[in-house]
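In what follows, a structure is listed as structure tokens, so that the remarks can point back to it.
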Amino acid sequence: MLAAARQIPKQMAALKAGRWQLGVGQTLRGKTLGVYGYGRIGSVVAGYGMAFGMDVLVWAREASLTSARADGYAVARNRDAFFEECDVLSLHLRLVEATRGMVTAADLARMKPTALLVNTSRAALIEPDALVDALRAGRPGFGAVDVYEHEPLTDPDDPLLRLDNVVCTPHIGYVTREEYELQFSDVFDQVIAYAASRPINVVNPDVL
């Protein structure tokens, strides 16, 4: 979100090419951050938005909206208004059959030409090809994505990578030394427990 708003990749490339201050970015303070999905991650992102001085607006299933209201966040009047009113819209939904393709071309067309769509969750939450088409049409005007319909994405001519109004990263949201240490510690604990005939975190104990 920050990199896209301030055009960090472009500014870095320009500086390395001997140019100074390429274009004009946007500030986040006072803008409306839409959080689509108010679960473990969505609630944290809402807090980050508040720290940046943003007005947070939430849309989610009813139980999550109740939680958002209890935490003091505003809830959108309806789903259409949510897409229309957000300056930044960040997706935080689990990918299940009910959410696959949930964000449609019509939803994206409702967004402001100055708006930013952020997807660090799953590419398949958005209708296939809808994001590229929407960004080409200018609604929303900008994108920031860390997930793709086909991964690993190694084709430099992929349409999404060819757009100037998108910040693209190679699914690195979870790729940190600290996160890997947590994940692999869990894996090793489970292997050791299984080897000791005391398996843990078993989702299908009937097979044992």
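Read the figures in this text as sums done on the coordinates, not as results from a lab. All figures in this text were calculated on a predicted structure; none of them were measured in a lab. Reconstructed Cβ throughout: ideal geometry from the backbone, glycine too, with neighbour counts over all protein chains shown.
Please report how far the C-alpha centroid of region 130-156 lies from that of region 158-195, rounded to the nearest whole angstrom.
Answer, in whole Å: 20.
Once the Cα gyration tensor of region 15-144 is found, what semi-axes does its equivalent ellipsoid get, as square roots of 5 times the eigenvalues, in whole Å, sorted largest first? Display every interim value, and only then the final one.
Working: eigenvalues 122, 73, 35 Å².
Its equivalent ellipsoid spans semi-axes of 25, 19, 13 Å.
Return the distance in nm (one decimal) between the two label points of a simple spin-label model at GLU62 and ARG6, each offset 7 Å from Cα along Cα→Cβ.
4.3
For the modelled label position 7 Å from the Cα of LEU182 along Cα-to-Cβ, which residues of region 38-58 have backbone nitrogen atoms closer than 15 Å?
40-45
If r is the Cβ-Cβ distance from LEU22 to HIS150 and R0 is 30 Å, what FRET efficiency results, to the nearest 0.05?
The pair LEU22/HIS150 has a calculated efficiency of 0.45.
Return the sequence-ordered ³J(HN,Hα) values of region 112-117 in whole Hz as given by the Karplus equation 6.51 cos²θ - 1.76 cosθ + 1.60 applied to θ = phi - 60°, using x for Gly and Pro.
So the J values, rounded to whole Hz, are 5, x, 9, 7, 10, 9.
How large is ³J(HN,Hα) for each residue in region 67-81, as worked out from phi by the Karplus curve 6.51 cos²θ - 1.76 cosθ + 1.60 (θ = phi - 60°), to whole Hz, x for Gly and Pro?
Working through the residues one at a time gives 5, 4, 4, 4, 7, x, 9, 6, 10, 5, 4, 6, 5, 4, 5 Hz.
ALA124 versus ALA13, label points 7 Å from Cα toward the beta carbon: distance in nm?
It works out to 3.1 nm between the two label points.
Where the only charges are on Cβ atoms (+1 Lys, Arg; -1 Asp, Glu), what is the dipole of region 24-86 about its Cα centre, to the nearest 20 debye?
The dipole of region 24-86 has a size of about 120 debye.
Can you work out ³J(HN,Hα) from phi for every residue in region 5-15, in order, using Karplus 6.51 cos²θ - 1.76 cosθ + 1.60 and θ = phi - 60°, giving whole Hz and x for Gly and Pro?
Using θ = phi - 60°, the values come out as 4, 9, 6, 4, x, 5, 5, 5, 4, 5, 4 Hz.
Once the piece of chain linking TYR174 and ARG100 is laid out straight, how much longer is it, given 0.36 nm per residue of separation minus the C-alpha distance between them?
Net length gain for the segment: 24.5 nm.
Of ALA17, ALA76, ALA195, which is the most mobile in a GNM of the chain whose springs link Cα atoms less than 10 angstrom apart?
ALA195
Enter the angle in degrees (range 0 to 90, nearest 10) between the Cα long axis of helix 40-51 and the first principal axis of the Cα atoms of the chain, meaning the one along which they spread out most.
That helix lies at roughly 40 degrees to the long axis.
Once amide H atoms are built 1.01 Å from N in the peptide plane, which residues 5 or more positions from LEU57, or in another chain, come under 5 Å H to H?
When sequence neighbours closer than 5 places are left aside, the close amide H contacts are LEU33, GLY34, VAL35.
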